[in-house]
Amino acid sequence: MSVSESVTNSAGPVAAGTAPLAATGHEVRKYDFINALRGYAILLVIMCHSGYAILNLPYPVKKVTSAGWHGVQLFFLVSCVTLMMSWRSDERKNIASPLAFWTRRFFRIVPMYYLGAGFYFWADPPASGFHLKQLLASFFFINSWHPVLMPTVAGQWSVVPGGWSVGDEFTFYFLFPLMVLAVRNLRAAGIFLAVSIFAACVANTLGYNALFPSYGNPATANFIYFWLFNQLPVFALGTILYFTINRLRDSQGGAATAIRQWSWLLLPLCALLFVAIAEIPVLPQYFAIRPLHLLPNLMAMALLFAALSLVLALKPKNIVVNAPVCAMGEVSFSAYILHFFVIQSLEKALPVLTVESKGVAAIAAFLCFMSLVVLCTFIASKITYEAIEKPMIRLGARVANLVRLRNDARPAIEKSAA
């Protein structure tokens, strides 16, 4: 899923007669490593769901492919970093505005998300039928606040597959302007992380105890894993990553130099640690008021992704920041929405890969199947990105500029009237 702020000129081409807006409008420098990180995030998610499709994949391999679901945590990290970059850039221009920020985010996410909901209702109608409450919960992004709405309860309509992460992300967008004003430096980011972990432990424990009698363990445990309280520390880690990148990116000594010099070793080490965390699942899945639960699996993966992000930020010119991965990252939000349908379609079309292969043949089948999923998803996502996302991003930027200019003009009008 990429539901992160585009680190580029979100206004796109400027229409004639709007040059003053372009000079002072919302614009952020583009970084290839950001798109690469998004690309790896969606590839991890696709790896996870492609692995589920190969029924007889050997269990050690299945554990690694299943760990790809933590690509969502990489999305959250990148989202926080890019939103911080965007907001601080606007602050330097004295144009930061919560309303303009929310406007851009609305146009960035909602059009493709709503179209995805309509597409899935047509392509794969829910067995339970249309349910207005479920639809409204997803459309107002409150679906991540109850097991029935998410849903983790069996038999409920999932309006958009994987929509829980979009609900979490949108809730974070709502809180972001307040958070970014409070978190002004690395020390404040550390405090935010500590507070978010404490809040997650308390909320998860209380939430589980309150929901378990009604929904049982699987639905309740899954919900507690997915909801924002449990994911908030990952966003908080993103603020630490942002300040760390800023501090080290232009540095030519100390830790920055060491990271650049040893990047050739650090990058494969990150991959090995990913496999190790996947193969040795000793950590719990969510925060709780217990010693081991202070570092659940998702946070271990998030720390690993933060390390990877820092290496790529300081050493962006390397083999892992390449054109294909960056291209996948650019269309990652569409890819997140569409890859579920691509996998379902290929499962039906290629049972020889998904059902009949076993052992080593199943591993080969997985590699072939995932390659096909990535290719088909990219083609479809490139089309929707160009036809839907980009025009809506440009429209959102223009509307946000109008909102900002209207707000800026109001004090001057009031002063003139006085």
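The values are calculated or read from the model by the stated rules, or taken from the named source; none is laboratory data. Predicted model only: the values in this text are computed from it and were never measured. Virtual Cβ from ideal backbone geometry, glycine too; neighbours counted across all protein chains shown. Surface accessibility is based on the protein's heavy atoms, side chains included, excluding ligands, DNA and RNA. Shrake-Rupley method; radii C 1.70, N 1.55, O 1.52, S 1.80 Å.
A few notes on this one:
- Restricting attention to the range 181-209, the residues being out of contact with any Lys or Arg (no Cβ under 8 Å at 6 or more places or on another chain), farther than 21 Å from A288 by Cα and not in a loop (DSSP other than H, G, I, E, B) number 5.
- Taken as a whole, the condition of being modelled with pLDDT of 95 or more and within 18 Å of S79 (Cβ to Cβ) does not apply to L273.
- The range 174-185 residues that are touching a residue at least 12 places away in the same chain (Cβ under 8 Å), paired with ones that are among the polar types (S, T, N, Q) and surrounded by 12 or more Cβ atoms within 10 Å (Cβ to Cβ) (beta carbon under 9 Å, 6 or more apart): P177/S97; M179/T239; V180/T239; V183/T239
- Of everything in the range 359-405 that is open to solvent by less than 70 Å² (accessible area, probe 1.4 Å) and among the polar types (S, T, N, Q), the residue that is nearest to S97 (Cα to Cα) is N401.
- Only listed residue being assigned to a helix (DSSP H, G or I) and out of contact with any Ser or Thr (no Cβ under 8 Å at 6 or more places or on another chain), chosen from A307, A364: A307
- Residues in the range 35-89 that are surrounded by 21 or more Cβ atoms within 10 Å (Cβ to Cβ) and among the charged types (D, E, K, R): R38 alone.
- When E356, E386, E330 are checked against the criterion of being of a type in the set (D, E) and in contact with a helix residue (DSSP H, G or I) (Cβ under 7 Å, 6 or more places away or on another chain), a single residue qualifies: E330.
- Each residue in the range 233-292 was checked for being open to solvent by 30 Å² or more (accessible area, probe 1.4 Å), in a helix (DSSP H, G or I), hydroxyl-bearing (S, T, Y) and touching a residue at least 24 places away in the same chain (Cβ under 8 Å), and 1 pass.
- The residues in the range 293-304 that are part of a loop (DSSP other than H, G, I, E, B) and within 19 Å of the chain's Cα centre (by Cα) can be counted, and the count is 1.
- Members of the range 23-37 found to be over 18 Å from the mean Cα position of the chain (by Cα) and either modelled with pLDDT of 90 or more or not in a loop (DSSP other than H, G, I, E, B) (or both), listed by number: A23, T24
- Residues (touching a Phe, Trp or Tyr at 6+ places or on another chain (Cβ under 8 Å) and either open to solvent by less than 10 Å² (accessible area, probe 1.4 Å) or modelled with pLDDT under 95 (or both)) located in the range 91-106: A96, F101, R105
- For the range 116-137, a residue qualifies if it is under 15 Å from L228 (Cβ atoms) and under 18 Å from the mean Cα position of the chain (by Cα), but none of them does.
Here's the yes/no breakdown for (1) at pLDDT 95 or above; (2) more than 14 Å from F75 (Cβ to Cβ); (3) open to solvent by less than 50 Å² (accessible area, probe 1.4 Å):
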| residue | (1), (2), (3) |
| --- | --- |
| I319 | no, yes, no |
| V325 | yes, yes, yes |
| S334 | yes, no, yes |
| S357 | no, yes, yes |
